[in-house]
1. State whether the residues of the range 38-47 include one that is over 24 Å from TYR96 (Cα atoms), out of contact with any strand residue (DSSP E or B) (no Cβ under 8 Å at 6 or more places or on another chain) and at pLDDT 90 or above.
2. Evaluate the following for LYS103: is it assigned to a helix (DSSP H, G or I), modelled with pLDDT of 90 or more and either surrounded by fewer than 15 Cβ atoms within 10 Å (Cβ to Cβ) or under 11 Å from the mean Cα position of the chain (by Cα) (or both)?
3. How about the range 49-94: which of its residues are touching a strand residue (DSSP E or B) at 6+ places or on another chain (Cβ under 9 Å), within 22 Å of ARG34 (Cα to Cα) and in a helix (DSSP H, G or I)?
4. Just the residues that are part of a loop (DSSP other than H, G, I, E, B) and within 18 Å of TYR91 (Cα to Cα), please, taken from the range 1-30.
5. Working only within the range 20-50, note down all residues that are in contact (Cβ under 8 Å) with a residue 12 or more places away in the chain and acidic (Asp, Glu).
6. State the number of residues belonging to the range 106-117 that are in a helix (DSSP H, G or I) and buried (at least 17 other Cβ atoms within 10 Å of the Cβ).
7. Taking the range 7-19 as the region of interest, how many residues are touching a residue at least 40 places away in the same chain (Cβ under 8 Å) and among the hydroxyl-bearing types (Ser, Thr, Tyr)?
8. Would it be correct to say that VAL29 is at pLDDT 90 or above and either among the hydrophobic types (A, V, I, L, M, F, W, C) or more than 27 Å from GLU10 (Cβ to Cβ) (or both)?
Amino acid sequence: MDRFDALLSEMDLEFFGTSSHAVSAESAVNMADRKDVFFLDVRSSEETSLLSFPFAVNIPVNEVPKRLEELPTDKLIVVICSSVFRAAMVYTYLRYKGFEQVKGLAAGIEQMAAFLKPGPIFKRKQKA
């Protein structure tokens, strides 16, 4: 069995049911300031020109294979996109390439952006 077969074989009900592969939008926003987390935005440059996240590095999905050296191996990588589809593809690709600390955003960027509005930001600051 090759590495990709083994990776897919791990993705059973427990894997998806426990969400060990995913991060919620609220959790992602709460991790934005952490030094041990790297946010990888795999949307196109055109998309990020309309809405970008200052804590994320944009590497469009089609450029990921040739830019792997830009990704840290000592940090949790959280893959984000406008829908879950591209993030899921890149999550699986990175795991296949040997990256162990990878999670995908389990929401669209609209949900993540909602946590960056003044009200939610103010509430987070109050907790700190």
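1. Step one: filter the range 38-47 for residues over 24 Å from TYR96 (Cα atoms), giving 45-47.
Now narrow it down to the ones that are out of contact with any strand residue (DSSP E or B) (no Cβ under 8 Å at 6 or more places or on another chain): 46-47.
If we keep only those that are at pLDDT 90 or above too, we end up with 46-47.
Yes, because at least one residue in the range 38-47 is over 24 Å from TYR96 (Cα atoms), out of contact with any strand residue (DSSP E or B) (no Cβ under 8 Å at 6 or more places or on another chain) and at pLDDT 90 or above.
2. Working: assigned to a helix (DSSP H, G or I): no; modelled with pLDDT of 90 or more: yes; either surrounded by fewer than 15 Cβ atoms within 10 Å (Cβ to Cβ) or under 11 Å from the mean Cα position of the chain (by Cα) (or both): yes.
It is false that LYS103 is assigned to a helix (DSSP H, G or I), modelled with pLDDT of 90 or more and either surrounded by fewer than 15 Cβ atoms within 10 Å (Cβ to Cβ) or under 11 Å from the mean Cα position of the chain (by Cα) (or both).
3. Once the filter is applied, which keeps residues that are touching a strand residue (DSSP E or B) at 6+ places or on another chain (Cβ under 9 Å), within 22 Å of ARG34 (Cα to Cα) and in a helix (DSSP H, G or I), the range 49-94 yields GLU70, ALA87, VAL90, TYR91, LEU94.
4. Here is the first cut: in the range 1-30, the ones part of a loop (DSSP other than H, G, I, E, B) are 1-2, 10-12, 18-21, 24.
Scanning the range 1-30 gives ASP2, GLU10, MET11, ASP12, THR18, SER19, SER20, HIS21, SER24.
5. Across the range 20-50, the qualifying residues are GLU26, ASP33, ASP36, ASP41, GLU47.
6. Residues in the range 106-117 being in a helix (DSSP H, G or I) and buried (at least 17 other Cβ atoms within 10 Å of the Cβ): 2 in total.
7. 1
8. Details: at pLDDT 90 or above: no; either among the hydrophobic types (A, V, I, L, M, F, W, C) or more than 27 Å from GLU10 (Cβ to Cβ) (or both): yes.
The answer is no for VAL29.
The values are calculated or read from the model by the stated rules, or taken from the named source; none is laboratory data. In this text, all values refer to a predicted model and were calculated from it rather than measured experimentally. We place every Cβ from the backbone using ideal geometry, glycine too, and count neighbours over all the protein chains shown.
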